[in-house]
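This report concerns only the one structure given below.
The values are calculated or read from the model by the stated rules, or taken from the named source; none is laboratory data. No experiment lies behind these values; they were computed from the predicted model shown. Neighbour counts are summed over all protein chains in view; Cβ atoms, including those assigned to glycine, are modelled from backbone coordinates with ideal geometry.
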Amino acid sequence: MIRTFKPVFYALLILTFTLGCTDSSHHSEHADAHGHEQEEMPRGPHGGRYLTNNNFAMELSIHETGVPPEFRVWAYQNNQPVAPREVDLNITLTRLGGIQDHISFAPQEDYLHGDTTVYEPHSFVVTIEARHAGETHRWTYDNFEGRTRISPEMAQKFGLETELAGTATITETTTVYGRVLANQELVRVVSARFEGAVQSVDVAVGDQVQKGQSLARVESNQSLQSYTINAPISGVVTQRNVNPGEQTSGRKLFTIMDSSSVWVDLAVFPADRARIHAGTAARVIDVKGNVSREGEIALMSTVAEPDQSVMARLVLDNRDGAFVPGAFVKGELEVAEHVVPLAVKRSALQSFRDFTVVFAQIEDDYEVRMLELGRQDDMWVEVLGGLQPGTRYVTSNSYLIKADIEKAGAVHDH
C-alpha cells in the first residue's frame with residue numbers, strides 16, 4: 001500500500017505546487033476557471049447572481065428542481081421588481097471551444113423564463129443584453145466549473161494521455177460459476193501386469209513422477225521373477241493403494257494425474273443457454289480474482305442437471321498449476337459483440353459531483369463532460385449523451401485533473 005500511495009501523493013503535491021506558483025495574471029485566470037469569482041458576486045432575493053447597472057439590476061438563477069436546467073431571471077429598477085413583460089432579454093453562453101448557446105426569454109409569472117436547456121457542465125462565459133425603458137444594459141462574466149488549465153510540459157510530465165472519442169466494439173458477457181476438474185484424458189490408473197507379491201514401493205501420494213519412473217517392484221507368483229511397474233505418464237501420484245509385502249490381487253495400485261491441462265465445468269442456466277455453444281470465448285477466474293485464463297467452450301452437455309443448468313466444459317492449459325482440481329471458479333462467457341457509435345475507455349472515468357465524467361481537452365484547457373452511459377465491458381463504456389464524437393479526452397492519469405479542480409474548490413453555480 002505504501003509503494004502505491006507515494007507516487008500518487010508526490011504527483012499531486014508537485015502538480016499543486018506547479019499550478020499554484022505562477023505569475024499573478026495566470027493565477028487570477030486559474031482561480032476564475034475554478035469558479036471563485038462567482039462566489040464573490042452578490043446574491044439576489046431568490047438566491048441568484050445579482051448584476052447592477054446604475055439603478056437597473058437583474059438576478060439570474062439556473063433552476064433545475066423538477067425540470068431540466070433553465071435560466072430564470074428577475075428584473076429590478078431602483079430595488080423594486082420590474083414586470084417581466086417590460087424587459088427584452090437575451091443571453092449568450094460561450095463554452096470551451098467557442099460553442100455558443102443563444103437563449104431568448106419570455107415572461108412567466110414574476111420572472112423571465114429561458115427557452116433553452118442549460119446542459120452540463122455549467123461552464124461558460126455569460127454575455128447578457130437587456131433592454132428596459134429605452135435603455136440597453138450589458139454584462140459579461142465567467143461561470144466556470146470543472147475546468148483547469150495545464151501546460152503541455154506539465155501534461156507530459158504527469159503522463160496525461162488523450163484519445164479521440166469515437167466508435168468501439170463492446171463485448172457483452174454473462175457470468176457463470178463452476179469447478180476445476182482433472183482432465184480425465186490425462187489420468188492413468190496403474191495395476192500390476194502379473195499378480196504377485198509387492199517387494200517395494202518407490203513413491204507416495206503427492207509425489208511428482210516422470211514417465212517411465214519406477215513406482216514399485218513385484219515378484220510374479222507364476223515365474224517368481226521380479227519386474228518393475230513404471231509410470232505410464234508424467235504427473236502427480238494422487239492415489240497409492242499398495243504397501244510392500246502385500247499381494248497385488250488385481251487391485252488398482254496407483255493413480256497418476258497430469259494437471260498440465262484441466263477441465264473447467266461451468267453451469268449455464270436456461271436464460272443464457274441459447275447464446276452459448278461450443279467455440280464461445282470464455283475467461284476463467286479463480287475465486288480470489290488473482291488468476292485468469294482465456295479459453296473457449298469445448299463442448300456443451302446435452303443433459304440438464306437437477307438445478308436445470310447445463311454443463312459447459314473448457315479445456316485449459318494449466319502448466320503453471322494455477323488451477324487446482326476441485327476449486328471453484330467464475331467464468332465470463334462472451335455472448336455478443338456490439339459496435340457502438342461513441343464510447344470512452346473505462347480508464348478515463350472519474351466521479352464529479354453526482355456524475356460520471358471524462359475530461360475533455362481543448363488546447364491547454366481541460367473540462368468535465370458529464371456522461372450518460374450505456375453498455376460496457378472491461379475496456380470500453382458506451383456513451384449515450386454528454387460528449388460529442390471526435391472530442392479529445394484524457395484516458396490516463398485523469399485523477400490529477402480532478403484533484404487540481406477539487407483543490408481549487410470548484411463550485412456549481414445556480
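Tabulated data
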| quantity | calculated |
| --- | --- |
| Residues located in segment 186-216, provided they are under 51 Å from the mean Cα position of the chain (by Cα), free of Cβ contacts under 8 Å to residues at least 60 places away in the same chain and farther than 11 Å from ARG240 by Cα | GLN208, VAL209, GLN210, LYS211, GLY212, GLN213 |
| Residue within segment 200-209 that is closer than 30 Å to PRO270 by Cβ, touching a Pro at 6+ places or on another chain (Cβ under 9 Å) and not aliphatic (A, V, I, L, M) present | no |
| Residue check for ALA312: closer than 30 Å to ALA155 by Cα and surrounded by 15 or more Cβ atoms within 10 Å (Cβ to Cβ) | no |
| Any hit, segment 368-377, residues being surrounded by fewer than 16 Cβ atoms within 10 Å (Cβ to Cβ) and within 19 Å of GLU161 (Cα to Cα) | no |
| Within segment 98-122, tally of residues that are closer than 24 Å to PHE355 by Cα and polar (S, T, N, Q) | 3 |
| LEU164, sole failed condition from (1) touching a residue at least 60 places away in the same chain (Cβ under 8 Å); (2) surrounded by fewer than 13 Cβ atoms within 10 Å (Cβ to Cβ); (3) assigned by TED's automatic domain parsing to the domain that holds ILE91 | (3) |
| Selection from segment 73-85 of residues that are in contact with a strand residue (DSSP E or B) (Cβ under 6 Å, 6 or more places away or on another chain) and either surrounded by fewer than 17 Cβ atoms within 10 Å (Cβ to Cβ) or not assigned by TED's automatic domain parsing to the domain that holds MET58 (or both) | GLN77, ARG85 |
| Evaluation of ASP272 against (1) of a type outside the set (Ser, Thr, Tyr); (2) surrounded by fewer than 19 Cβ atoms within 10 Å (Cβ to Cβ); (3) modelled with pLDDT of 95 or more (one fails), failing number | (3) |
| Residues of segment 167-205 classified as within 19 Å of VAL358 (Cα to Cα) and buried (at least 17 other Cβ atoms within 10 Å of the Cβ), total | 2 |
| Any pair with Cβ under 9 angstrom, 6 or more apart, that starts in segment 92-109 at a residue that is in contact (Cβ under 8 Å) with a residue 12 or more places away in the chain and ends at one that is outside any strand (DSSP E or B) and of a type in the set (Phe, Trp, Tyr) | LEU96/PHE144; ASP101/TYR119 |
| Residue in segment 329-356 that is surrounded by the most Cβ atoms within 10 Å (Cβ to Cβ), counting only those that are among the basic types (Lys, Arg) and assigned to a strand (DSSP E or B) | LYS345 |
